[in-house]
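For reference, the structure discussed in these notes is given below.
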Amino acid sequence: MTLYIARRFLGFLATLLIAAAIIFVLLDLLPGDPARFILGINASDASVAALRTQMGLDAPALSRFLSWVWGVARGDFGLSSTQRAPVSELIWERMAVTLPLTLFAMVVSMLVGLPMGIIAAMRRGKAADTTLMVMAQTGVAVPNFWFGMLLTLIFAVGLRWLPTGGFTPWDEDAGAALRAMVLPGMALALPQAAILARVMRTALVDVAEQDFIRTARAKGLTRDQALWRHGVRNALLPVLTILGLQFAFLIAGTIIVENVFYLPGLGRLIFTAISERDLVLVRGATLVLVVVVSATMLLVDLGYALVDPRLRRESGR
Amino acid sequence: MTFSKSLAMGVAALVLSAGTALAQSTEIRIGVALEPPALDPTAGAAEAIDIVVYQNVFEGLTRIDQTGAVQPDLAESWAVSDDGLTYTFKLHDGVTFHDGSTFDADDVKFTFDRILADDSVNAQKALYAPISTVSVIDPLTVEMTLSRPDGLFLFNLGRGDAVIVAPESAETNATQPIGTGPFAFVQWNRGSRVMLERYEPYWGEKPALTKATYVFISDTATMTNALLAGDIDGTNNFAAEALPVFENNPQFKVLVGSTEGETILATNNKKSPFDNLKVRQAMAHALNRQEIIDGATYGYGVPIGTHFAPHHPYYLDLTDTYPFDPEAAKALLAEAGYPDGFSATLKLPPVAYARLSGQIIASEFAKVGIKLELINMEWAQWLEDVLTNKDFDLTIVSHVEPFDIGIYADPNYYFGYDNPEVQALNEQLNATIDDAERKTLAQKIETIIAKDAVNGYLFELAQTGVWNAKLEGMWQNAPIEGVVLRDIHWAE
Amino acid sequence: MIPLLRGHPRLLVGAGISLLLALAGLVSLVWTPYPIEQVVVAERFLGSGPQHWLGTDHLGRDMLSLIMSGTLTSFLVAGLAAGIGIGIGVPMGLAAALWGGWVEWLVLRVSDLTFAFPAVIVAILIATLVGPGESNAIFAIGIFNIPVFARVARGGALTLVGQDYVAAARLAGRNRIAIAWLHLLPNIGSLIIVQGTIQLSLGILAEAGLSYIGLGTQPPATSLGLMLRDAQSLFLIHPWLSIVPGLAIVVIVIALNMAGDGLRDALDPRLRRQELGHVAG
């Protein structure tokens, strides 16, 4: 087990290092001069050259990469070239939106999706099953940004129950911060809930055909009771896998939804940084996203190995 | 389901708190499409910087009022020598920066020495190049000498690029701006908002607002929703296509005004076939200006026939120089040696007016045989490709600097127009102070560049603000970039 | 094929609708009611009528023509992206299953690496390098598809490798590439097709998302996502312009998913567990 963890962890580190190299190479080739962008169209070449030097853009690429990686390892992501603030600080600020939003969306998708799947499985073949699965089928097909717009029109513009977007920092007004999460969280959660419902149903239906459920029924439990007591627990393994993958997906999905709700999350940070040619910031933020996604994968794998030692021959994705 | 129950409870809690979200009579929340990269207007060109801080947090020696006229600001008066080379400014007494330090002549000298220094990162450094010395006469008197007369000098002093900064705070103004204005910076939640509050020890007349929040919303649909839901109280410039939502709504007022943005189909005059006058004339004839204005600005743009703002007293209406006439365009193309037209690229920056105009112009040009390939790009790449490397055929951009006809006298400017006559006229214009003479000179240049069809002259951008109907005192026009809070107040 | 369809109405309906829409898209290559780049500002925002069956958009372009062309773009982007995923991912997965050892380790690490870059991030990175466009979306979604197909191929192949006929082939001296080609690929073909259908529907959604944030298809070309983007700020004034492309996306995705589900049931009922493949990117 220890060996497995160590191997898996080394792989994780190697992935990160290669990812860092890829990000750096891609961004180093970027067209566009950040100094020129900051100073605008009427700036003189001399001013631009002065700013370039000030921003350290004159050093050779390899030494810039090494000093970046070394800095990141110590938690120093460098200084944003447009915002003139430490990148780590900027990212941390945005994480306070992106992470809770992702978690909120996950919780909502579970609260909606799992019961839907269980009910559908228990009423398999009946009207409730059909209705729920049609809903799930539609839920998967509706683009989340589109659903977000719809939610805003109904709950923010029409009913005025929730803000149309924006974000109040947690330490200023936690209630307002939470309210700001509701609509974007629901928009993000819908397709995931639909997927979860389908996975849960399939898994339960599968389990229902297995021997131990038959045994349980033979012992006098009704089909529903048997499913509920034994089936759901056994169906949770595939569901857990999906949740791990969903977390990674949701983190990326926030980028689109953040735009609809003008939330100051990591996605918009990357987006504006790109359009402003803030290389240092794009690099740092992209890497952080990659780290979060990879770390989630690592945790899912480790959790799996813990639950089911047979799976230690790497659960490839 | 438990979920719907908890949602219902949550909703009930939210309804209760919604009441407090209603605007109080001395606070304002303004929606802005672009977030500034930093907040120091003397070290960046982004309009978004000026929108937040110009005349609110920072002030210059002069300021530009909403008619575009120069008003005294930190300099309460000034005297100009007869040769127009020496300016003596009398500074206001009792002015303090928001950190409590006193404003005096040393700050003025520091500000301009910083702008003119070799390692200056001021975006408009060239505008202040005529300044040869800045000397402190006494704590409240500054003398500036110029190397040549400059008709726009006082106007340029009133720009955001020349606001007065203190030596102690200049380096940190990007994130923690400290100026002398009526509003002090409170906090900036990046990606979200900037908050300002009234600076009580302000030297001048106190504004009515006590608190202003700038909320950054890039998406038009989202901005519409935020306005409708009352999450913001207004925006200074709203996308024209969605204006009908607010036009007949008594809760809002739509302010349509002018800007200094000449939107042009910029043409690479140094590159074949655009170095051929006949080709440029043909393109001018192929442009259906009204269709472009209707399609790209929903009718709000004002047609222009040269590179000058239509509301300016020096403006000459030259829109009929090359009227819309596809047949004439085809004939000119044939004369120029392109009977079957030609292909070219059109590089478009990420703004709605450019992207829409681009599609319309491509369709119009196709009818006379000019095939355009549209290339969309981000600003940074546009600046690099078009402005720095001049690697383009055509592009669409709005030149938002006030009184910027001087760019036609610079043969190295991106569109590469090299005409010694215009260069001589412009030099004369710069050195002339008399208004009538300046007007004659400016109009001569306007006429020449229109006849030469240097660029395709499309329209002057409009400023279309949407505000809560109870708000008053917003600038209708935008003679300079900024959202000046000074006069804004809630009606009773 | 016909008997296959008969017992599976979901497959029939799903595949039918998908093919019909794909066909409408293909027709746009040679004919649309109006050229899609033809701008007539004077005729914008027309409702549905005999001239324009689905009305006109904010530039006076014919909506029906745009929908046809947009559907083609969406299918093309998603299809090519699935092609990239299959072309690179399947060989990777087969290699991992057959060789094991360091090859498998490498494949898994490469999978991890590509998986660590969500499609949006890849699209953003490519967009900054070469500018936004369809090819950008194809690569971004395609890269995301690689580990998905690698996983499916490896999983499918692992269950086969242990079976007698593969062992027999090995003993007969066949090399591994031949085994992969002759024995593994035909047997995991149905798995790949099912996953391909799912990735196609995900690709159409992903293209819509990328175009919506401005990283995908660029005018004067069009896609369903781009049409949504163009129409979103007009939603309260001209909701029709959003509803048409929005519905088109929903219908295509549902149809493809139904086809995928139906296909899975039809080809091999045991594959129902492959529901896992539904996670989007």
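The values are calculated or read from the model by the stated rules, or taken from the named source; none is laboratory data. Predicted model, so just to flag it, every value in this text is computed and none were measured. Every residue, glycine as well, gets a Cβ built from its backbone with ideal geometry; the counts of neighbours run over all protein chains shown.
From the list A:Arg84, A:Arg123, which residue is charged (D, E, K, R) and not assigned by TED's automatic domain parsing to the domain that holds A:Ala203?
Within the list A:Arg84, A:Arg123, the selection yields A:Arg84.
Of all residues being of a type outside the set (Asp, Glu) and touching a residue at least 40 places away in the same chain (Cβ under 8 Å) in segment B:79-91, which is surrounded by the fewest Cβ atoms within 10 Å (Cβ to Cβ)? Just the residue, please. Filtering first and then ranking leaves B:Thr86.
Working only within segment B:223-244, note down all residues that are assigned to a helix (DSSP H, G or I) and within 14 Å of chain A (Cβ to nearest Cβ). Give the steps one after another, and end with the answer.
Going residue by residue through segment B:223-244, those that are assigned to a helix (DSSP H, G or I) are B:223-228, B:240-242, B:244.
Once the filter is applied, which keeps residues that are assigned to a helix (DSSP H, G or I) and within 14 Å of chain A (Cβ to nearest Cβ), segment B:223-244 yields B:Met223, B:Thr224, B:Asn225, B:Ala226, B:Leu227, B:Leu228, B:Ala242.
If the condition is being within 21 Å of A:Ala156 (Cα to Cα), polar (S, T, N, Q) and crowded, with 19+ Cβ neighbours inside 10 Å, then segment B:225-260 contributes B:Asn225, B:Thr235. Taking segment B:305-422 as the region of interest, the helices (runs of 4 or more DSSP H) fully inside it that hold 2 or more residues being among the polar types (S, T, N, Q) are B:352-366. Suppose we keep only residues that are among the polar types (S, T, N, Q) and in contact with a strand residue (DSSP E or B) (Cβ under 9 Å, 6 or more places away or on another chain) within segment B:385-431. Which one would you say is surrounded by the most Cβ atoms within 10 Å (Cβ to Cβ)? The extreme case among them is B:Thr395. Contact map, segment B:46-67: residues that are surrounded by fewer than 24 Cβ atoms within 10 Å (Cβ to Cβ) paired with residues that are not in a loop (DSSP other than H, G, I, E, B), Cβ distance under 6 Å, separation 6+ or inter-chain. Pairs shown: B:Thr62/B:Val70; B:Thr62/B:Leu154; B:Thr62/B:Leu157; B:Asp65/B:Gln71.
Test B:Asp219 against the criterion of being in the same structural domain as B:Asp325 (by TED's automatic domain parsing) and free of Cβ contacts under 8 Å to residues at least 12 places away in the same chain, and give yes or no. Considered against the rule, which asks whether it is in the same structural domain as B:Asp325 (by TED's automatic domain parsing) and free of Cβ contacts under 8 Å to residues at least 12 places away in the same chain, B:Asp219 comes out as no.
Take the conditions (1) within 12 Å of A:Gly117 (Cβ to Cβ); (2) touching a Ser or Thr at 6+ places or on another chain (Cβ under 9 Å); A:Leu190 misses just one of them, which is (1). Taken across segment C:38-53, residues that are surrounded by 19 or more Cβ atoms within 10 Å (Cβ to Cβ), touching a residue at least 60 places away in the same chain (Cβ under 8 Å) and not polar (S, T, N, Q) do not occur at all. Kindly evaluate A:Gly267 against the criterion of being within 14 Å of chain B (Cβ to nearest Cβ) and either without any contact (Cβ under 8 Å) to a residue 24 or more places away in the chain or in a helix (DSSP H, G or I) (or both). Answer is yes for this residue. Would you confirm, using the coordinates I've provided, whether B:Leu441 is crowded, with 18+ Cβ neighbours inside 10 Å and assigned to a strand (DSSP E or B)? Judged against the criteria, B:Leu441 is not a match. Would you please name the residue that is farthest from B:Ala380 (Cα to Cα), looking only at residues in segment C:128-151 that are buried (at least 24 other Cβ atoms within 10 Å of the Cβ) and at the interface with chain A (Cβ under 10 Å from one of its Cβ atoms)? Taking the candidates together, the pick is C:Arg151. When each of A:Val257, A:Val290, A:Val280 is tested for being part of a helix (DSSP H, G or I), within 14 Å of chain B (Cβ to nearest Cβ) and in contact with a Phe, Trp or Tyr (Cβ under 7 Å, 6 or more places away or on another chain), the lone residue that passes is A:Val257. With respect to the conditions (1) away from chain C (no Cβ under 14 Å); (2) within 20 Å of the chain's Cα centre (by Cα); (3) aliphatic (A, V, I, L, M), B:Ile396 lacks only one, and its number is (1). Where helices (runs of 4 or more DSSP H) fall entirely within segment A:57-165, those with at least 3 residues that are of a type outside the set (Asp, Glu) and away from chain C (no Cβ under 14 Å) are at A:61-73, A:87-122, A:127-141.
Taking the condition assigned to a helix (DSSP H, G or I), touching a residue at least 24 places away in the same chain (Cβ under 8 Å) and either at the interface with another protein chain (Cβ under 10 Å from one of its Cβ atoms) or within 24 Å of A:Glu258 (Cβ to Cβ) (or both), does C:Leu210 pass?
Values: assigned to a helix (DSSP H, G or I): yes; touching a residue at least 24 places away in the same chain (Cβ under 8 Å): yes; either at the interface with another protein chain (Cβ under 10 Å from one of its Cβ atoms) or within 24 Å of A:Glu258 (Cβ to Cβ) (or both): yes.
It is true that C:Leu210 is assigned to a helix (DSSP H, G or I), touching a residue at least 24 places away in the same chain (Cβ under 8 Å) and either at the interface with another protein chain (Cβ under 10 Å from one of its Cβ atoms) or within 24 Å of A:Glu258 (Cβ to Cβ) (or both).
Look through segment B:172-218, keep the residues that are of a type in the set (Phe, Trp, Tyr) and under 15 Å from B:Pro37 (Cβ atoms), and return whichever of them is surrounded by the most Cβ atoms within 10 Å (Cβ to Cβ). Per the stated criteria, the residue is B:Tyr214.
Give the residue that is surrounded by the fewest Cβ atoms within 10 Å (Cβ to Cβ), with candidates limited to residues of segment B:117-142 that are under 25 Å from B:Glu427 (Cα atoms) and more than 14 Å from chain A (Cβ to nearest Cβ). Here the answer is B:Ser132. For segment C:94-116, a tally of residues being more than 9 Å from chain A (Cβ to nearest Cβ) and among the polar types (S, T, N, Q) returns 1.
To keep it simple, each residue is scored yes or no on (1) closer than 26 Å to B:Ile361 by Cα; (2) away from chain B (no Cβ under 14 Å); (3) free of Cβ contacts under 8 Å to residues at least 60 places away in the same chain; (4) not in a helix (DSSP H, G or I).
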position	(1), (2), (3), (4)
C:Ile193	no, yes, no, no
C:Thr197	no, yes, no, no
C:Leu200	no, yes, no, no
C:Thr217	yes, no, no, yes
C:Gly225	yes, yes, no, no
C:Arg229	yes, no, yes, no
C:Ile237	yes, no, yes, yes
C:Leu241	yes, no, no, no
C:Val244	no, yes, no, no
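Residue check: is B:Ala328 of a type in the set (Gly, Ala, Ser), in contact with a helix residue (DSSP H, G or I) (Cβ under 6 Å, 6 or more places away or on another chain) and free of Cβ contacts under 8 Å to residues at least 40 places away in the same chain?
Values: of a type in the set (Gly, Ala, Ser): yes; in contact with a helix residue (DSSP H, G or I) (Cβ under 6 Å, 6 or more places away or on another chain): yes; free of Cβ contacts under 8 Å to residues at least 40 places away in the same chain: no.
When the stated conditions are applied, B:Ala328 does not pass them.
Restricting attention to segment A:166-173, does a residue exist that is surrounded by 21 or more Cβ atoms within 10 Å (Cβ to Cβ) and under 23 Å from A:Gly253 (Cβ atoms)? Within segment A:166-173, one or more residues are surrounded by 21 or more Cβ atoms within 10 Å (Cβ to Cβ) and under 23 Å from A:Gly253 (Cβ atoms). Each residue in segment B:377-393 was checked for being more than 12 Å from chain A (Cβ to nearest Cβ) and over 20 Å from B:Lys278 (Cα atoms), and 1 pass. Taking segment B:92-116 as the range and being surrounded by fewer than 18 Cβ atoms within 10 Å (Cβ to Cβ) and under 23 Å from B:Asn430 (Cα atoms) as the test, the residues that pass are B:Asp113, B:Leu116.
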